[in-house]
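A.B. asks: A single structure is presented below for examination.
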Amino acid sequence: MQEKKQKQILLIGNPNVGKSTMFNVLCNRKQKTGNYAGVTVASLSGKYIYKNEEVEVIDLPGSYSIYPTSEDEAIFSRYLIQEQESYSGVVYIADAINMRRSLLLFQQIQDLGIPAIMVVNQIDEAEKRGIKIDISKLAEILNIPVFETNAKNNIGIETVREAVFNNDFKISQTNSFEIPTEQKALVYKISSNTSEKNLYKIWTLLAADTYLGKIENIHEIITQEDSKCSVPKRLQIHETVRRYQSIDKITSQITEKKPQLKELLTEKLDKVLVHKIWGYVVFLLILLLIFQSVFFLAEYPMTWIEDFFTWLSEFSGERLPEGPINSLVSSGIIPGIGGIMVFAPQIGILLYFLYLLEDSGYMARVVFLMDRMLRPFGLNGKSIVPLVSGTACAIPAIMSTRNIENVKERLITILVTPFMTCSARLPIYSIIIGLIIPDQSFYGIKYRAIALMIMYLIGFLMALFSSFILKSFIKTKIKSFLVMDLPTYKMPLFGYDFKLVLGKVWEFISGAGKVIFTVSIILWALSYFGPPQHKNEILATESSLDHSYLGRIGRTMEPAIAPLGYDWKMGIGILTSFAAREVFVGTLSTLYSLDDKAPEGKLIEKMRLDIKPNGEKVFSFATGVSILLFYAFAMQCISTIAVVYRETRSLKWTMLQTVSMTALAYFSALIIYQILK
Amino acid sequence: MENSLILQYVIIGLIVLTAVYAIVRKLTKTFSKKDNGKNCGPDCGCS
């Protein structure tokens, strides 16, 4: 049997040139892609086998230059330079629409002596704009293999695989950038005192603000006198200007641009979609449409899931032998898991719409609209991308703050992002809105959809308000600004996004399912057992919920939550949902299932009919609004807390954020309940 | 008490202990400094 060969390659290019799409096509993976810059903020790896050769593909975050300005770009530069021995070559993805910018980073990579091949992507989009690129001429000038691809439609991928298999990567024999005379002596001095012979690599060491390469004893070689004439930023500017002079000559030889007679669809759409008034109106209408769909389209699948779990619970109750195991399975675990699974269709629909918007290029416009609106609140520029992606989940959103170069702005963004309404809040909002808002419409728009949109806006406004407050404590002198391309509108990949959503929904089901599974076992045990009632008992079994350990715990915490309008069951729900917000609904489902006094039927019906000893409804309008506000502001997610800690590396800020968000949630819920009751 | 009931309580005890262990493990894993996911690097998070 032939032995399998192994190889590692890097995917490199400017942001939003289709690296992640290429990565997915090459490795047959379903990594999230987006039609805007900054989707990949960490390196990703995947594998494919071609002609009995296993190729490991590393997808690095996009960068415009070898010199990092933010943490995600630093990942790129460090990997490229320090790990040069571990990869066979670089597949450089160039953007056919913007060859000029693509060639800047490419030249730097060539000058670093890194073996590369070039792939020109988005040729079809360039042709629509009347841009024609002479690929063979480009290959001749750069002296490397150049290929055309359309990664989205899987065109040209086999050619790339073949080139990788044949090791067609080439190292440039000549440097496209000549080191300026003023720095030449120092570069030669370093070269003669170290093993590093690549002069450009030594130059990058002088021109970078942070140390990129691995050169031994560097601090002993560069004296203070030497560094006086080497201001990194100036050297970078000098290099960029020189490079663009030579790049302009290349692009004039390889690019042919026909005059564009017809206005592009993108330009027509942008007249409305980024308009200073209509842009916001359209955005609000799109949001309303999404929330309307969340309620309308999910109605039937939610009923089916709920009916299935009710049947399963009854079935297991009848078939399993009498005793604690029967109770645990039929009244503890199944209702707990069912209570949360029922919201999977709503989460799927919400994420599907968000993915379609990202893919189409509209999300980039949202970022542009927000940037204009949020500058007075200190949330300008790059903070907007994490905030917008926080509507799906705060964890990747917080990680995406890595492309904010200003440390203080990054900290403010990390601290306010959890206010954005993530998909885990959806089950709580959905069930509470279902309880307190009637199922009626106004000209076809459901009141419940409007209520859900208001909740999203409340989260967003609180993020703004908090950043405004934080801005006065965490003062930052340098403002970062957002430079981003508005990509052309593209038809979203409906099928691919659907598969991606199925994966995300499964992630939600398995992630939340595992938590609620373990939580419901513990909840059941605490509710099944109670303190001994007689002298010879160690434990009381089959206690009524009120007399169980759980009831005792709930009653103990009741004085703290009663002013908010909550009973002890909701208190237990809040306690368990510190793990993750959605656990609140699962907990209530388990508790109502264990309560003999609760009426029969679906969870929402049990909650609606539940009454206090004084005859008042447990879930009144005032209590419902109080819960909604509590969850809009509370930091009820252990994973987010852990990510904040990991990204800030500060226990102080992590604790401050958790405590202040919880306090804000508590007092807002208290005030609103006291006003409305 | 019937033997089958005793057996059920033993099983329940084990299940509850496993659940408590799972929660403690999840908490320690979440807050551990070391990344345990796939493709984790010192600077680049996990894929």
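What follows is calculated from the coordinates using simple rules that are stated; it is not laboratory data. This structure is a prediction, so every number in the text was calculated from the model and none was measured. Glycine gets a Cβ as well: all are built from the backbone with ideal geometry, and neighbour counts include every protein chain shown.
A.B. asks: In nm, to one decimal, how far is the modelled label at A:E54 from the one at A:D307, with both set 7 Å along Cα→Cβ?
C.D. replies: 4.8
A.B. asks: To continue, here is another question. Counting partner chain Cβ atoms within 10 Å of every residue's Cβ in A:512-524, what's the average? Intermediate values should be presented prior to the final figure.
C.D. replies: Details: counts 0, 0, 2, 3, 0, 2, 9, 3, 1, 9, 6, 1, 4.
Mean shielding by partner chains, rounded to a whole number: 3.
A.B. asks: Right, next: Which of the listed residues, A:P438, A:G573, A:V585, is farthest toward the dipole's positive end in chain A, when Lys, Arg count +1 and Asp, Glu count -1 at the beta-carbon?
C.D. replies: A:P438
A.B. asks: Taking chain A as the reference, fit the longest principal axis to its C-alpha atoms, fit the long axis of helix A:299-319 to the helix C-alpha atoms, and give the angle between the two in degrees, 0 to 90, nearest 10.
C.D. replies: With rounding to tens, the tilt is 60 degrees.
A.B. asks: Another one. How much mean residue ellipticity at 222 nm does chain A get from its helices, if each DSSP H run of length 4 or more adds -39500 (n - 2.57) and you divide by all residues, to the nearest 500 deg cm²/dmol?
C.D. replies: On the way: 31 runs with 388 residues, N = 677.
Roughly -18000 deg cm²/dmol at 222 nm, from the helical runs in chain A.
A.B. asks: 5 Å is the cut-off here: which amide hydrogens, built 1.01 Å from N in the peptide plane, fall below it relative to A:M635, excluding neighbours closer than 5 in sequence?
C.D. replies: Long-range HN contacts for A:M635: A:T662.
A.B. asks: Continuing with this model, one more query. Sort the following peptides by mean Cβ neighbour count (other Cβ atoms within 10 Å, averaged over residues), highest first: A:611-617, A:550-556, A:647-653. Write down the numbers at each step before the final one.
C.D. replies: Details: A:611-617: 9.6, A:550-556: 18.1, A:647-653: 13.7.
Sorting A:611-617, A:550-556, A:647-653 by mean packing, highest first, produces A:550-556, A:647-653, A:611-617.
A.B. asks: Considering amide H positions built from the backbone, and no H for Pro or chain starts, which residues 5 or more places from A:I155, or on another chain, come under 5 Å of its amide H?
C.D. replies: Here the answer is A:N150, since their amide H atoms fall under 5 Å of that of A:I155.
A.B. asks: Let's test the formula: R0 of 51 Å, r as the Cβ-Cβ distance of A:Y300 and A:V407. What FRET efficiency results, to the nearest 0.05? Please list the in-between numbers first.
C.D. replies: Numbers: r = 49 Å, r/R0 = 0.96.
Plugging the Cβ-Cβ distance into 1/(1 + (r/R0)^6) gives 0.55.
A.B. asks: With the cut-off at 24 Å, report for segment A:5-165 the share of all Cα pairs above it, as a whole percent. Numbers along the way, then the final one.
C.D. replies: Working: 3421 of 12880 pairs.
For segment A:5-165, the fraction of Cα-Cα distances above 24 Å is 27 percent.
A.B. asks: Right, next: When a/c is below 1.5 the answer is rounded, else prolate if a/b is larger than b/c, else oblate, so apply that to segment A:571-677 with a ≥ b ≥ c taken from the square roots of the Cα gyration tensor eigenvalues. Mind dumping the intermediate values first?
C.D. replies: Details: a/c = 3.63, a/b = 1.74, b/c = 2.09.
Oblate shape, in that a/c is at least 1.5 and b/c is the bigger or equal ratio.
A.B. asks: Same structure, new question: Could you give the nm distance between label points at A:L320 and B:N3, where each point is 7 Å from its Cα heading toward the beta carbon?
C.D. replies: Distance between the two pseudo-spin positions: 2.3 nm.
A.B. asks: Could I ask something else about it? Dividing the alpha-carbon Rg of segment A:322-372 by 2.2 N^0.38 Å yields what? Walk me through the numbers before you get to the answer.
C.D. replies: Working: Rg = 20.3 Å, N = 51, 2.2 N^0.38 = 9.8 Å.
Scaled against compact globular proteins, the figure is 2.07.
A.B. asks: Now for a different question. For chain A, take the longest principal axis of its alpha carbons; what is the angle in degrees between that and the long axis of helix A:426-436, to the nearest 10 within 0 to 90?
C.D. replies: Tilt relative to chain A: about 40 degrees.
A.B. asks: Multiplying the sequence separation of A:K137 and A:K490 by 0.36 nm and subtracting their Cα-Cα distance, what value in nm do you get?
C.D. replies: Stretched out fully, the A:K137 to A:K490 stretch lengthens by 124.2 nm.
A.B. asks: Sticking with this structure for a sec: Only counting other Cβ atoms within 10 Å, I'd like A:M484, A:M455 sorted with the fewest neighbours first. Could you put the intermediate results ahead of the total?
C.D. replies: Values: A:M484 18, A:M455 21.
Result, fewest neighbours first: A:M484, A:M455.
A.B. asks: Would you please give the FRET efficiency between A:I450 and A:S544, computed as 1/(1 + (r/R0)^6) with r the Cβ-Cβ distance and R0 = 51 Å, to the nearest 0.05?
C.D. replies: Working: r = 41 Å, r/R0 = 0.80.
Between A:I450 and A:S544 the formula returns 0.80.
A.B. asks: Can you give the FRET efficiency for A:R555 and A:Q440, using 1/(1 + (r/R0)^6), R0 = 51 Å, r = Cβ-Cβ distance, to the nearest 0.05? Let's see the in-between values first.
C.D. replies: Numbers: r = 38 Å, r/R0 = 0.74.
The computed FRET efficiency comes out at 0.85.
A.B. asks: Mind jotting down a quarter of the surface of the convex hull over the alpha carbons of segment A:495-619, in square nanometres, one decimal? Kindly include the intermediate steps, with their values, before the conclusion.
C.D. replies: Numbers: hull surface 39.0 nm².
Value for segment A:495-619: 9.8 nm².
A.B. asks: Sticking with this one: Please go through the residue pairs A:K382/A:K471; A:K382/A:K499; A:K170/A:K201; A:K128/A:K249 and name each one whose alpha carbons sit more than 21 Å apart in this structure. Please list the in-between numbers first.
C.D. replies: Values: A:K382/A:K471 15 Å; A:K382/A:K499 29 Å; A:K170/A:K201 17 Å; A:K128/A:K249 24 Å.
Too far apart for the 21 Å limit: A:K382/A:K499; A:K128/A:K249.
A.B. asks: Taking all pairs of different Cα atoms in the protein assembly as shown, averaging 1/r and flipping that mean, what Kirkwood radius in angstroms comes out? It would help to have the intermediate numbers written out before the result.
C.D. replies: On the way: mean 1/r = 0.0350 Å⁻¹.
In the protein assembly as shown this quantity evaluates to 28.6 Å.
A.B. asks: Quick one: of the DSSP bridges fully inside the protein assembly as shown, what percent are antiparallel, nearest 5? Could you put the intermediate results ahead of the total?
C.D. replies: Working: 19 of 40 bridges.
Close to 50 percent.
A.B. asks: Could you give the length gained on full extension between A:K47 and A:Y188, defined as 0.36 nm per residue of separation minus the Cα-Cα distance, in nm?
C.D. replies: Working: separation 141, 0.36 × 141 = 50.76 nm, distance 4.05 nm.
Here the segment from A:K47 to A:Y188 would lengthen by 46.7 nm.
A.B. asks: Which length gain, in nm to one decimal place, applies between A:F667 and A:K475 when the Cα-Cα distance is subtracted from 0.36 nm times their residue separation? Display every interim value, and only then the final one.
C.D. replies: Numbers: separation 192, 0.36 × 192 = 69.12 nm, distance 2.72 nm.
Gain on stretching A:F667 to A:K475: 66.4 nm.
A.B. asks: Moving on to the next point. Explain nothing, just the number: dipole magnitude of chain A about its Cα centre with +1 on each Lys and Arg Cβ and -1 on each Asp and Glu Cβ, in debye rounded to the nearest 20.
C.D. replies: About 1640 debye.
A.B. asks: Cα-Cα over 28 Å: which of A:K7/A:K233; A:K258/A:K490; A:K233/A:K475; A:K475/A:K652?
C.D. replies: As for pairs spanning more than 28 Å Cα to Cα, those are A:K7/A:K233.
A.B. asks: Now for a separate question. Helix A:494-528: angle to the longest alpha-carbon principal axis of chain A, degrees 0 to 90, nearest 10?
C.D. replies: Around 40 degrees separate the two axes.
A.B. asks: Just add up the charged neighbours of A:F584: K/R +1, D/E -1, any other residue whose Cβ is under 13 Å from the Cβ of A:F584. Walk me through the numbers on the way to the answer.
C.D. replies: Numbers: positive: A:R425, A:K569, A:R581; negative: A:E582.
Combined, the nearby Lys, Arg, Asp and Glu give +2.
A.B. asks: Using modelled amide H (1.01 Å from N, peptide plane; none on Pro or chain starts), what sits under 5 Å from the amide H of A:V120, excluding residues fewer than 5 places away?
C.D. replies: Excluding prolines and chain starts, which carry no amide H, the hits are A:A94, A:F147, A:E148, A:T149.
A.B. asks: Applying the Karplus parametrisation 6.51 cos²θ - 1.76 cosθ + 1.60 with θ = phi - 60° to the phi angles of segment A:177-184, what ³J(HN,Hα) value in whole Hz is obtained for each residue in order, glycine and proline being reported as x?
C.D. replies: Values per residue, Gly and Pro as x: 10, 9, 5, x, 4, 4, 9, 4 Hz.
A.B. asks: Would you please put B:7-17, A:463-473 in order of how densely packed they are, using the mean number of other Cβ atoms within 10 angstrom per residue and starting with the highest? Each step should come with its number before you reach the end.
C.D. replies: Numbers: B:7-17: 14.8, A:463-473: 16.5.
Those peptides, ordered most packed to least, come out A:463-473, B:7-17.
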